[in-house]
Amino acid sequence: MRQGNPDYGRWSIQKIGRKLGAQQVLYIRLDDLEFQMSSDQPITEPRVRLHMKVIGVTESPETARQWPPRKEREGRLVEHTRHAREVSDSVGLDSEVTKFAREVAFRIAMPFYDVDLEEPIPQEH
């Protein structure tokens, strides 16, 4: 879509959703993503900070935001960090990144499913 529309960067979330035939768009703005690792210190400590909101595609611009409430101006904040782990090679790093991605995906999905908040959030080891 971006390649065929030079003005894509200026499109609203609603317009993108309409072009895709969606009824709603889960908009995720990635504020920070880090994977600290260097050759002299093979340690990874991934962390992410993002905001997300649901936008109704066919609503008026004033009422398009469907979740979270407008008082959360930037959207719902999601932050996650995995404890520092030693990683000796790219296979180990890939494994850690995969675990981290699953944990973040769970946190993104939580508001949209029935989750027992007294149960600990799954952590991969």
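Per the listing VAL115, VAL104, VAL87, the residue uniquely surrounded by 11 or more Cβ atoms within 10 Å (Cβ to Cβ) and modelled with pLDDT of 95 or more is VAL104. At least 3 residues being farther than 30 Å from LYS99 by Cβ is the threshold, and among the strands (runs of 3 or more DSSP E) wholly inside the stretch 1-81 not one reaches it. Report, by residue number, each residue of the stretch 55-84 that is in contact with a Gly (Cβ under 9 Å, 6 or more places away or on another chain) and open to solvent by 70 Å² or more (accessible area, probe 1.4 Å). THR58, THR63, GLN66 - these are the residues of the stretch 55-84 that are in contact with a Gly (Cβ under 9 Å, 6 or more places away or on another chain) and open to solvent by 70 Å² or more (accessible area, probe 1.4 Å).
Listed by first and then second residue, the pairs with beta-carbon distance under 8 Å, at least 6 apart or on different chains, first residue in the stretch 46-75 and within 18 Å of LEU30 (Cα to Cα), second acidic (Asp, Glu) and surrounded by 18 or more Cβ atoms within 10 Å (Cβ to Cβ), are PRO46/GLU96.
Residues in the stretch 90-99 that are among the β-branched types (Val, Ile, Thr) and open to solvent by 70 Å² or more (accessible area, probe 1.4 Å): VAL91 only.
The values are calculated or read from the model by the stated rules, or taken from the named source; none is laboratory data. Here the structure is a predicted model, which is why all the values come from computation and not from measurement. Quick reminder, even Gly has a Cβ in these numbers, built from the backbone with ideal geometry, and neighbours come from all protein chains shown. Ligands, DNA and RNA are excluded from the accessible area calculation, which covers all protein heavy atoms including side chains. Shrake-Rupley method; radii C 1.70, N 1.55, O 1.52, S 1.80 Å.
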